[in-house]
Amino acid sequence: MLIHRQLYVYPVKSLRPTTITEGILTTRGFQYDRHFMLLKVMPAEDGSGTTTLKNMHVPHFPEMALFHTDIEYPEAEKDSGKLIITYHPPPAESAIRPHETNRLEIPLQPNPKTLKPLEIVMHQSPTTGYNMGAEYDDWFSARFGYPVVLAYLGPHSREVLGTLAPAKKDKKTPLRTIRESLTNPDRKWERVLPILIVASAINILLQGGTIIRDGITPQTARSLTPTIFTASAVVLMLVLYYFYTVHAQHEDRITFADCAPYLVISETSVDNVSARLPDGEEMDRTKFRPNIVVSGAGEAFEEDFWGALTVNTGSERGSSRLLLTGNCVRCQSLNVDYETGKMGTGESGAVLKKLMKDRRVDSGAKYSPVFGRYAFLEPKGEGVSLRVEDEVMVSEKGTKRSIFGECFSFLADCGNEC
């Protein structure tokens with residue numbers, strides 16, 4: 001049995017996380033996870049004065065690690081809540097600018113109608129965001145030392161590309177959907193409707209036979225036959241429509257997360273990485289950008305083969321299942337020094353290289369080490385509250401490794417979840 005040891009939300013992509021003790025599970029990630037992101041304003045090279053926006057990720061902008069986040073959750077229906085950003089400048093910068101306000105409050109749920117829309121593309125998956133405005137852009141720009149834009153996702157989402165999403169990994173035909181629904185013990189009540197529809201079809205055919213038997217002229221019977229069979233076909237189409245639309249597979253969507261709504265890592269595996277560092281140094285688990293850290297795994301990296309986790313939250317909160325569909329391949333973000341906002345030096349700045357030695361275990365990303373698993377929530381777990389210390393069980397385990405390249409052949413710049 002495993003235990004949820006730490007839970008993290010990243011309200012602004014690539015900034016430091018908010019540690020939570022309880023989080024609401026949604027199919028698009030923990031509530032408020034990666035609903036904001038930063039983009040660097042890039043002037044045109046031709047000097048025309050036009051600008052473009054470049055997505056900011058911590059491996060390319062390590063100074064993002066200097067910004068900490070905290071969430072004040074809404075307490076009333078009309079309360080939008082607060083996202084609190086605190087800037088922790090490196091020691092040398094603190095001496096230069098000691099009096100600047102390094103705390104910013106942002107509405108956790110801004111009204112998109114008051115904001116300017118932005119077209120944002122992440123890893124070839126486009127969406128619409130909103131510019132939060134000069135007040136917030138200027139605050140961030142002053143601390144980064146170059147112009148940036150703070151974007152809010154609002155009600156929008158992004159397509160999960162590749163085959164990482166469960167629905168894409170195991171796409172079902174209409175007939176298979178019908179068969180599984182009819183044999184699913186959790187859907188007994190749903191069997192009544194298709195039975196009634198089929199019974200109606202049979203009744204139509206029997207009535208047609210009765211009409212002929214009761215002496216209707218052959219010419220009239222022949223004229224009624226197409227109508228009878230058309231009605232039967234319509235009933236059959238209703239059966240197909242019912243199962244394939246009412247019970248169509250859930251389409252997984254994501255926020256500003258790179259690849260999936262959740263990232264799960266094992267505390268045992270983090271300990272393995274810490275053991276590769278000099279005595280007295282420990283690996284900062286938040287550099288792996290997890291949402292869920294579980295403890296109790298018997299061996300390091302056994303999560304490579306986990307296919308599903310069943311979460312025992314207690315009868316009063318319901319149950320949920322996380323489907324682990326792919327590996328998280330890693331990049332230079334593991335080497336960022338969170339105190340200086342620069343790439344690390346020494347042993348702690350060489351974590352990626354250390355993992356290269358034995359963690360290049362995914363044939364689809366053979367030049368990148370693997371750490372952690374991408375996860376998707378089964379739709380029926382929507383709204384379930386997950387708490388630290390909840391028990392979790394590995395309910396599916398595979399014998400073969402999943403292949404990252406099959407999911408994300410298009411993702412060449414960075415497979416890491418930032």
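Descriptive notes on the structure:
- Cross-link pairs Lys113/Lys287; Lys116/Lys342; Lys113/Lys380; Lys287/Lys380; Lys168/Lys400 - those with Cα-Cα distance over 25 Å: Lys113/Lys287; Lys116/Lys342; Lys113/Lys380; Lys287/Lys380
- Karplus-derived HN-Hα couplings along segment 32-40 (A = 6.51, B = -1.76, C = 1.60, θ = phi - 60°), whole Hz, x at Gly and Pro: 6, 6, 6, 8, 10, 8, 10, 10, 8
- Long-range HN-HN contacts of Met122 with modeled amide H, under 5 Å: Thr127
- Sorting the segments 110-122, 47-59, 333-345 by their mean number of nearby beta carbons within 10 angstrom, highest to lowest, gives 333-345, 47-59, 110-122.
- Other-chain or far-sequence residues with amide H under 5 Å of Val392's (modelled H): Leu2, Ile3, His4, Asn312
- Karplus-derived 3J(HN,Hα) values for segment 367-379, using 6.51 cos²θ - 1.76 cosθ + 1.60 with θ = phi - 60°, are 9, 10, x, 9, 8, x, 10, 6, 9, 10, 8, 5, x Hz; glycine and proline are entered as x.
- Ordering Ser274, Ser320 by the number of other Cβ atoms within 10 Å of each residue's own Cβ, fewest first, gives Ser274, Ser320.
- For Lys366, the aspartates and glutamates whose Cα comes closer than 16 Å to its Cα, not counting residues fewer than 8 places off in the same chain, are Asp304, Asp358, Glu406, Asp413.
- Rounded FRET efficiency, nearest 0.05, which uses the C-beta distance separating Ala167 from Met1 and R0 of 51 Å: 0.95
- From phi via Karplus (6.51, -1.76, 1.60), per-residue ³J(HN,Hα) for segment 55-60 in Hz, x at Gly/Pro: 4, 9, 10, 4, x, 9
No value in this document is a laboratory result; all are computed from the given coordinates. Since the model is a prediction, treat every value here as computed from it, not as a measurement. Cβ coordinates were reconstructed from backbone atoms using ideal geometry, including for glycine residues, and neighbour counts include every protein chain displayed.
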